[in-house]
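See below for the structure under consideration.
The values are calculated or read from the model by the stated rules, or taken from the named source; none is laboratory data. Since this is a predicted model, take the numbers as computed values, not measurements. Backbone-built Cβ (ideal geometry, glycine too); neighbour counts: all protein chains shown. Calculation scope for accessible area: heavy atoms of the full protein, side chains included, ligands and nucleic acids excluded. Shrake-Rupley method; radii C 1.70, N 1.55, O 1.52, S 1.80 Å.
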Amino acid sequence: MEVKIGIQNIGREIVLESAQDADAIAKVVADAIAKGTELRLSDDKGRQVIVPGNVLGYVEIGAEEARRVGFGQL
């Protein structure tokens, strides 16, 4: 699952691949915004991304998609 995080007053966004499902990520983001706490997500390689909840500009959660194998057109 691809997650893009935009931060206020910063031109670049943070992009990570997470093993969590969309509902779990949305709940963590909503809690961070509502409580003003940090948004803490881990990617599929085990790294953690921590962003203060009060500086979040947006969070885009990609659609779940099965990985494709091969080079032909499907």
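Could you please give the count of residues in region 35-55 that are small (Gly, Ala, Ser) and not in a loop (DSSP other than H, G, I, E, B)? Matching residues across region 35-55 total 2. For region 41-52, the set of residues classified as more than 12 Å from the chain's Cα centre (by Cα) and at pLDDT 90 or above consists of Arg47, Pro52, listed by residue number. Residues that are open to solvent by 70 Å² or more (accessible area, probe 1.4 Å) and over 17 Å from Arg47 (Cα atoms) were ranked within region 5-20; the one that is farthest from the chain's Cα centre (by Cα) is Asn9.
Give the residue, chosen from Ala19, Ala32, Ala24, Ala66, that is at pLDDT below 95 and either part of a strand (DSSP E or B) or in contact with a strand residue (DSSP E or B) (Cβ under 7 Å, 6 or more places away or on another chain) (or both). Criteria check complete, one pass: Ala32.
Of all residues in region 1-16, exactly one satisfies the criterion of being among the small types (Gly, Ala, Ser) and part of a loop (DSSP other than H, G, I, E, B), namely Gly11.
Select from region 21-34 the residues that are within 13 Å of Pro52 (Cα to Cα) and either small (Gly, Ala, Ser) or without any contact (Cβ under 8 Å) to a residue 24 or more places away in the chain (or both) and write down the one among them that is surrounded by the most Cβ atoms within 10 Å (Cβ to Cβ). Give the derivation first.
First pass over region 21-34, keeping only residues within 13 Å of Pro52 (Cα to Cα): 28-34.
When the remaining residues are screened for being either small (Gly, Ala, Ser) or without any contact (Cβ under 8 Å) to a residue 24 or more places away in the chain (or both), the result is 28, 30-34.
Working: Val28: 17, Ala30: 12, Asp31: 12, Ala32: 20, Ile33: 14, Ala34: 9.
Looking at the filtered set, the residue picked out is Ala32.
Among the residues of region 37-53, those identified as out of contact with any Pro (no Cβ under 8 Å at 6 or more places or on another chain) and either aliphatic (A, V, I, L, M) or exposed (fewer than 12 other Cβ atoms within 10 Å of the Cβ) (or both) are Leu41, Asp44, Lys45, Gly46, Arg47, Gln48, Val49, Ile50, Val51.
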